[in-house]
Amino acid sequence: MATTPALKRSESIADSMPEALRQSRYHMKRCFAKYIEQGKRMMKLHNLMDELEKVIDDPAERNHVLEGLLGYILCTTMEAAVVPPYIAFATRQNPGFWEYVKVNANDLSVDGITATEYLKFKEMIVDESWYRKHCSFYNTFYGFIPPIRKVKTHKDYLCVNMKCRAKDEYALEIDFGAVDFSTPRLTLSSSIGNGLSYVSKFLTSKLNASSMSAQCLVDYLLTLNHQGDKLMINETLSTVAKLQAALVVAEASISSLPTDTPYQSFELRFKEWGFEKGWGDTAERVRDTMRTLSEVLQAPDPSNIEKFFGRVPTVFNIVLFSVHGYFGQADVLGLPDTGGQVVYVLDQVVAFEEELLQRIKQQGLNVKPQILVLTRLIPDAKGTKCNQELEPINNTKHSHILRVPFRTEKGVLNQWVSRFDIYPYLERYTQDASDKIIELMEGKPDLIIGNYTDGNLVASLMARKLGITLGTIAHALEKTKYEDSDIKLKELDPKYHFSCQFTADLIAMNSADFVITSTYQEIAGSKDRPGQYESHSAFTLPGLYRVASGINVFDPKFNIAAPGADQSVYFPYTEKQKRLTDFRPAIEKLLFSKVDNDEHIGYLEDRTKPILFTMARLDTVKNTTGLTEWFGKNKKLRSLVNLVVVGGSFDPTKSKDREEAAEIKKMHVLIEKYQLKGQIRWIAAQTDRYRNSELYRTIADSKGAFVQPALYEAFGLTVIEAMNCGLPTFATSQGGPAEIIVDGISGFHIDPNNGDESSNKIANFFQKCKEDPEHWNRISAQGLKRIYECYTWKIYANKVLNMGSIYTFWRTLYKDQKQAKQRYIDTFYNLEFRNLIKDVPIKIDEKTEGPKER
Ligand code: UDP
Ligand code: LCN
């Protein structure tokens, strides 16, 4: 479509749409009549466009309409709810900016509506379709349609109850915005995700605005301690004036000392003046930190504020929650539900510990940091170490995995539980885990970080209980992974328990002091696609509750801190001296032996061809079967390369994971259907990251490429692993990878919904490499450059620890509002979440062990 004009800055869709419709009134009357022809339903942009195409069949005429304002408005439409005679549009001109309008199809009149009104339209559609289904069920089984009040079963109740929802004036509506009105907000889409730097700016104006706020900073510094030992200042310096004066004296006194004089040599004198440890390890560092604080107190500015908080000793002990399992350091990757999150958390701990040790040394302190990763202890550990309570974390000195079992009324639960069914165990787990943590750490941690819905919920419950700063990491918010997962609640809930999951997500994201994301798109999407968090701003779970304001993506709590890949494992194929040559014979067999066994099936007839490689858990959303089908269909691609797929296992009856079993079956069907034997090698899930890294590099030796074809990928660690190994990478345009790779430069984007286009793009690459081998080298080198510039754990750890420090102060400034919001969250948790988990079946163990519940 040709480029269309945007609205003037001041114009809303509601203002401009009447004129846009007037300009093409004849066509629009017909088009809107067509939209409502089929009655109540939801329409996506492509449905709206398809209908429009049918109505205006002359392409020139159609282009004329679409090139105008109307085309622009339609293109900003994310979805439309058709409830004759109205069509309600949910439009989004820019990330985070939504506007809702309704158009009367009879007279094309336009009215702006609120998010709530729009959601009611959606509910009416769902209500009607359920009621219809309900009636037909009764008709079939009982030969009559029930009057609305005669309900027998719980299901009936829900149906009838839901029938009334859209019209129910008192239906439950969740509005976090109403209890969160005083914290400052960003206003530009481009600033979203830069919370840390904006908090420094907001702090600047707050500290500038009143002497009260500067006193808050002094009061905050007075609270700092490590296990009861005061840090930075003591009560002698209890006011801004006293602190400022003492800083001048202290700075003057150290300026005459050699820069490397250790703190201990002037510690006693400083103590008399009211200073405690924590300013630095040497005279130079102490002086610099003091100068920074003096400048902040004199005339605050964001860079000094950020620098000062980067140095304040606030965080020594961190607890990370990554609850669902299998969580371990060996033999777990590729097991159901165990993917990138485990890799991320373990690498994150190593990076945190290194950064903490460096900071503590520079603060002049003699403190051992402690990091605990809390996960679930699974007695039936299937040969992994997931039944071991305490496990030191590799490549760290002071960090451990602490496993605490799930308990039910029958005692300890022995078996693995899918992440979708995990909710009933979490409250008791929080209690048990908190007790263990406090025992092991001999006190409270300074920072709690949750991972994924379950870990975030537990982290928020514990942070609330102990009054600790909370950071959350979603990894993947399930809501956007499944199309229309909100209004399809009734259909999806029995399988995925999304009602619990979305409720838990809302609780955690609203409890968090800061939210860590891997990419911008995770928060606010792109021009055309809403972000994962953004999709929680307004939505409805018909029959449960309506969310008028779930999260605000302009909240400065959002921060992008992208993970890296362990570069001692994932290094370029060109670093010959480091290559893990011991794996060569095993990898040779893995790729090329001709037998089928438990580890691999299929074979590669022509081993001189480059290898097209993919590796992922065998989830539907990973689309490994999609890639296999694209390959099967594309003759040119098949002539150029072999396909190697790592993922899942081969016997669907043995898989415990619902989605995996279906995908396994599909893989077998595709191999048969496209006669792929001889050109495909399907390798079962791999659990050794060292061997995997060598596998990536072996594929690079073959001048092959990595493909990440997911229907949607939140971030995609495999993408950066492959790029770290120097392997040219094709990755989905849907989600995080689109931000990691600059298309055509450091790799390629592929559209998972357009298999032909994607497989041709891959085939063209290999064709081009055949003609110009330098092409392969260029993409490989650019991929590495991109990684080194943006995706390393060092950058990550520095950013996140700065967050821990600055948000710990920030939350004290908004204490009252935070408390009010917490009360709202508590109510939501108690009255909604606790009820929802009652519908999730508790797993029955074949054998249980451990103390029985009295
Ligand atoms: N992985 C693995 N073996 C497999 C499949 C995946 O070791 O059979 C690893 C992969 O190397 C990566 C992680 O699991 O480190 C997957 O992370 P990603 O972010 O790509 O996806 P997720 O599984 O978290 O959705
Ligand atoms: C979960 C996912 O789905 C991936 O996209 C991420 O890379 C992984 O977690 C680590 O954050």
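Residues are listed down the side, and each one gets a yes or a no for (1) more than 16 Å from ligand 1 (Cβ to nearest atom); (2) closer than 18 Å to Ile683 by Cβ; (3) open to solvent by 20 Å² or more (accessible area, probe 1.4 Å):
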position	(1), (2), (3)
Asp619	no, yes, no
Leu627	no, yes, no
Phe631	yes, yes, no
Asn642	yes, yes, no
Val646	no, yes, no
Ser649	no, yes, yes
Lys666	yes, yes, yes
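Out of the residues in the stretch 673-721 that are outside any loop (DSSP other than H, G, I, E, B), of a type in the set (A, V, I, L, M) and away from ligand 2 (no atom under 16 Å from the Cβ), state the one that is surrounded by the fewest Cβ atoms within 10 Å (Cβ to Cβ).
Among those that are outside any loop (DSSP other than H, G, I, E, B), of a type in the set (A, V, I, L, M) and away from ligand 2 (no atom under 16 Å from the Cβ), it is Ile683.
I'd like to check something: does the stretch 767-774 contain any residue that is buried (at least 19 other Cβ atoms within 10 Å of the Cβ) and in contact with a Gly (Cβ under 8 Å, 6 or more places away or on another chain)?
no
Is it the case, given these coordinates, that Phe266 is open to solvent by less than 10 Å² (accessible area, probe 1.4 Å) and in the same structural domain as Asp380 (by the TED database)?
no
Given the options Arg185, Arg149, Arg165, name the one that is of a type in the set (Lys, Arg), under 33 Å from the mean Cα position of the chain (by Cα), at pLDDT below 80 and not assigned by the TED database to the domain that holds Tyr520.
Arg165
Looking at the structure I just gave you, is Ile762 within 16 Å of ligand 1 (Cβ to nearest atom) and either in contact (Cβ under 8 Å) with a residue 24 or more places away in the chain or crowded, with 18+ Cβ neighbours inside 10 Å (or both)?
Considered against the rule, which asks whether it is within 16 Å of ligand 1 (Cβ to nearest atom) and either in contact (Cβ under 8 Å) with a residue 24 or more places away in the chain or crowded, with 18+ Cβ neighbours inside 10 Å (or both), Ile762 comes out as no.
Please enumerate the residues belonging to the stretch 304-353 that are open to solvent by less than 20 Å² (accessible area, probe 1.4 Å), more than 12 Å from ligand 1 (Cβ to nearest atom), assigned to a helix (DSSP H, G or I) and closer than 24 Å to Leu390 by Cβ.
Correct list: Gln348, Val349, Ala351, Phe352, Glu353.
Answer yes or no as to whether Ala781 is open to solvent by 50 Å² or more (accessible area, probe 1.4 Å), of a type in the set (Gly, Ala, Ser) and closer than 30 Å to Arg546 by Cα.
Here the answer is no, as Ala781 does not meet what is asked.
Of the conditions (1) modelled with pLDDT under 95; (2) more than 16 Å from ligand 1 (Cβ to nearest atom), Lys382 satisfies every one except a single condition; which number is it?
(2)
Of these, Asn724, Asn753, which one is within 16 Å of ligand 2 (Cβ to nearest atom) and over 21 Å from the mean Cα position of the chain (by Cα)?
Exactly one residue qualifies, and that residue is Asn724.
Grab the strands (runs of 3 or more DSSP E) fully contained in the stretch 1-117, keeping just those with 3 or more residues being open to solvent by 20 Å² or more (accessible area, probe 1.4 Å).
Answer list for the stretch 1-117: 41-44, 86-94, 97-104, 110-113.
Counting only residues that are in a helix (DSSP H, G or I), among the small types (Gly, Ala, Ser) and farther than 21 Å from Asp555 by Cβ, which one in the stretch 201-216 is modelled with the lowest pLDDT?
Ranking the candidates gives Ser211 first.
More than 30 Å from Val126 (Cα to Cα), part of a loop (DSSP other than H, G, I, E, B) and either assigned by the TED database to the domain that holds Gln501 or out of contact with any helix residue (DSSP H, G or I) (no Cβ under 9 Å at 6 or more places or on another chain) (or both): does that describe Pro556?
Yes; evaluated as a whole, the condition is true for this residue.
The values are calculated or read from the model by the stated rules, or taken from the named source; none is laboratory data. Given the structure is predicted, the values throughout are model-derived calculations rather than measurements. All Cβ positions, glycine included, derive from the backbone under ideal geometry; neighbour counts span all protein chains shown. All accessible areas refer to the heavy atoms of the entire protein, side chains included, with ligands and DNA or RNA removed. Shrake-Rupley method; radii C 1.70, N 1.55, O 1.52, S 1.80 Å.
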